[in-house]
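Since the structure comes first, as structure tokens, the remarks are kept for the end.
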Amino acid sequence: MEFRASLLLTLLGFLFVKPGFGQRGDMDIRDTIEKLIKNLQDKPKDVETHDSHLLILSIYYLYNIYNFFLPTAAPQIAFSVSLANFGEIYRGPCTDKTLVFKRILSNTGNAYDQNTGIFTAPVNGLYYFSFSSYGYNTHVVGAILMKNAVRQISTYDDPSIDGSDSSSNAVVLQLAAGDTVHMELWDNGRVFDNLNGHTTFSGFLLFPM
């Protein structure tokens, strides 16, 4: 009885290992299970034959649960940033039109680089991105979402007399690991932000592929 309880506790423990354990642990667990089964088969006197079969079935059942849940644990990737991390900031017009969002509201997975303004996909998958832009109408107001330096979606408003404008947009993109996404200004474009978070950029992994 003590042997059976110890064995089942060992197998249950495998189900609660951290996901990172699976990188090397898959082979470790498989080897351990094979040894446990061989031990049961080589030493039937240690347990009753009926109990031995039940234990073997239990091992396979628990290991199948482990294999089912571990691969389905999607990586956690999400970020939300705004342009200004203090005071007020006007960005543009400028030669380098990349918007570098400095205020980090969240950055789970660290896929967004606050030094460059670039999000780099860690894994293949479908990703959701959204952004908002705000500015005063002395210049073009808006921004462009770029994937691998190719324009995807944008917001845009011509200079006008109505004071200021804000707009937003969103998209779902299929990315391969290593693909990049960032925001750019239009030519002669300018956006404004302060700690109220008017000009923002967000994204997260919907699911891996």
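Numbers for the structure displayed
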| quantity | calculated |
| --- | --- |
| Sum of side-chain charges, D157 neighbourhood, beta-carbon under 15 Å (Lys, Arg +1; Asp, Glu -1) | -3 |
| Estimated distance in nm for a label pair at E88 and D113, the labels positioned 7 Å out from Cα along Cα-to-Cβ | 3.2 nm |
| Extended-chain gain in nm, criterion 0.36 nm per residue less alpha-carbon gap, Y128 and Q76 | 17.4 nm |
| Surface per residue (accessible, 1.4 Å probe) for region 78-208, Å² | 47 Å² |
| Simple spin-label estimate for T95 and D162 in nanometres, 7 Å along Cα-Cβ | 3.5 nm |
| Order of exposure, largest accessible area first, which applies to S166, S132 with probe 1.4 Å | S166, S132 |
| Whole-angstrom Cα spans of region 94-181 along principal axes, big to small | 45, 24, 23 |
| Within the accessible area of region 76-197 (1.4 Å probe), percent carbon and sulfur | 47 percent |
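The values are calculated or read from the model by the stated rules, or taken from the named source; none is laboratory data. What you are looking at is a predicted structure, and each value in this text was computed from that prediction instead of being measured. Heads up, the Cβs are rebuilt from the backbone with ideal geometry, glycines too, and the neighbour counts pull from every protein chain shown. The area values use the complete protein model at the heavy-atom level, side chains included, leaving out ligands, DNA and RNA. Shrake-Rupley method; radii C 1.70, N 1.55, O 1.52, S 1.80 Å.
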